[in-house]
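The values are calculated or read from the model by the stated rules, or taken from the named source; none is laboratory data. Please read these numbers as outputs of a predicted model, since none were measured by experiment. With ideal geometry, Cβ positions are generated from the backbone for all residues, glycine too; neighbour counts draw on all protein chains shown. Accessible surface is based on the protein model in full, side chains and every heavy atom, while ligands, DNA and RNA are left aside. Shrake-Rupley method; radii C 1.70, N 1.55, O 1.52, S 1.80 Å.
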Amino acid sequence: MATQSNILIVGGGVAGACLLLRLRDYGVSAQIWDLPDDNRSSRRAAGLVNPFIIKRLVLSWKGQEAFEYAQAFYRRLEKQSGISFLDTTPVYRLLTHEEIRSQWEARRLAQPELAFYMGIPEKAPRPFPENTQRALIPRCFRVRPQSFFDAVYVLEGDSFRPEKFDYSALKYQKGAGWKYGGHNFSAVVFCEGTAVVHNPFIPPVFLKPCKGQWLITDNFGLEAGYLASHFFLPENTHFLFTGSTYEFQFSHAEPDADGREKLRKGLADLTREPLRIHEQVAGIRPATSDRRPVLGKVPGHEGLYIFNGLGSRGFLLAPLLAECMSRHILKGEALPPESEFQRFFTP
Ligand SMILES: Cc1cc2nc3c(=O)[nH]c(=O)nc-3n(C[C@H](O)[C@H](O)[C@H](O)COP(=O)(O)OP(=O)(O)OC[C@H]3O[C@@H](n4cnc5c(N)ncnc54)[C@H](O)[C@@H]3O)c2cc1C
């Protein structure tokens, strides 16, 4: 194991941050270049860690393994940093129509192993109408992104360079590895999310960016989180998070009127109360054409790696995949084949 390696990470979203933490656990020194004010999907995320695709009633890719790994990883980070960022408020599927309820019941009966992810339907409490049903999503919690990054900085703040990475200044020297800013690095890992389109070493053949928007409004009395048309997650008794949209066609990365209307309509299905909008936020998810992450070596460049394509499940997948990436870089272990960057180059 190359414990003396010095690794450069480009991008300090959830991918880069988790990788930094894992490399440190392996005794490897790493530095991370992270542009403070560019589009950063991780800081715009709801932060749900949920291995079950609730609307399709199936497990997500690597769902169970990633969930268990993430839970232990985040708990350990909370303990080490002294900053709490996990929100374990229960989240329910709101079974608003008979069709949704009967599909839920039928799937639980047909696949008893999924009962682990699908609670038994029960009566929803006020403020919902008398006859509304809900079902618990037992394997689901939330990372509060800002506090997560605060925790990472407590442990690893000295490793962050809050600067734009200049690709043209990255030079390879045979025998010495990669040189940048006066330092030598044995490997460089690109974790830039959607900004990978500016990376001259990586053809962004995999990227299918997906814009997401959410609102913070008054809370109309929700004490638990709900999924109906969108997620409705109480921040506290005053504020409610509603989101997020999924938009593959968009012309800019800013919040817009269409997104606001979509989310407002979702809220109006739940309550007639007029709710004040306090904030509207937008971000771009680094989604991929085949909905799998993108990991591994950058073809044609020794010592260059990519860790990207986390789509809408970055907070679920990043801890486990950071572990896979660390072992791949340091020990040459194989990556999950479905996630290998190489798949885009083999016919
Ligand atoms: C509205 C919304 C809601 C979401 N909700 C959830 C959710 O509930 N649960 C979940 O798991 N996921 C969610 N996601 C998805 C999640 O945010 C992404 O999967 C994840 O953030 C991707 O992380 P990343 O580290 O790959 O990319 P990013 O978070 O985009 O990080 C990339 C970083 O690289 C930096 N960078 C780029 N280029 C350079 C450069 N040249 N120099 C220096 N730094 C650079 C950027 O500034 C950024 O900090 C959501 C996303 C959105 C937009």
Query raised in the report: Kirkwood Rh, Cα Rg: Rg to Rh for segment 197-335?
Result: 1.09
Requested in this report: Translational diffusion coefficient, Stokes-Einstein: compute it for the chain using the Kirkwood radius over C-alpha pairs as Rh, at 37 °C and 0.692 mPa s, and state it as an integer in µm² s⁻¹.
Outcome: 154
Report summary line: In debye to the nearest 20, the charge dipole size for segment 40-131, taken about the Cα centre with +1 at each Lys and Arg Cβ and -1 at each Asp and Glu Cβ, equals 440
Query raised in the report: Given a 1.4 Å probe, how much area per residue of the chain is accessible, in Å²?
Result: 47
Report task. With everything on Cα atoms, drop me the angle between helix 98-110 and the longest principal axis of the chain, reported from 0 to 90° to the nearest 10. Result -> 60
Report summary line: Longest principal axis of the chain (C-alpha) makes with the long axis of helix 145-156 (C-alpha) an angle, in degrees to the nearest 10, of 30
Report summary line: Given the candidates W214, V281, H252, the one whose Cα lies deepest towards the positive end of the charge dipole of segment 210-285, counting +1 at each Lys or Arg C-beta and -1 at each Asp or Glu C-beta, is H252
Report summary line: Between the Cα axis of helix 14-25 and the main Cα principal axis of the chain, the angle (0 to 90°, nearest 10) is 60
Report summary line: With +1 on the Cβ of every Lys and Arg and -1 on the Cβ of every Asp and Glu, the dipole magnitude of the chain about its Cα centre, in debye rounded to the nearest 20, is 460
Query raised in the report: To the nearest 500 deg cm²/dmol, what mean residue ellipticity at 222 nm is calculated for the chain from DSSP H runs of n ≥ 4 alone, each contributing -39,500 (n - 2.57), summed and divided by the residues?
Result: -8500 deg cm²/dmol
Requested in this report: Mind jotting down the distance between the C-alpha centroids of segment 188-234 and segment 122-181, whole Å?
Outcome: 11
Query raised in the report: For the chain, what is the relative contact order in percent, using Cα pairs closer than 8 Å and at least 6 residues apart in sequence?
Result: 23
Query raised in the report: Which of the pairs K179/K211; K164/K297; K211/K297; K62/K331; K123/K265; K62/K179 have their Cα atoms more than 32 Å apart in this structure?
Result: K179/K211; K62/K179
Report summary line: Distance in Å, no decimals, from the C-alpha centre of segment 19-64 to the one of segment 315-347 is 14
Query raised in the report: Under a point-charge model restricted to the Cβ atoms of Lys and Arg (+1) and Asp and Glu (-1), what is the dipole moment magnitude of segment 210-285 relative to its Cα centre, in debye to the nearest 20?
Result: 140
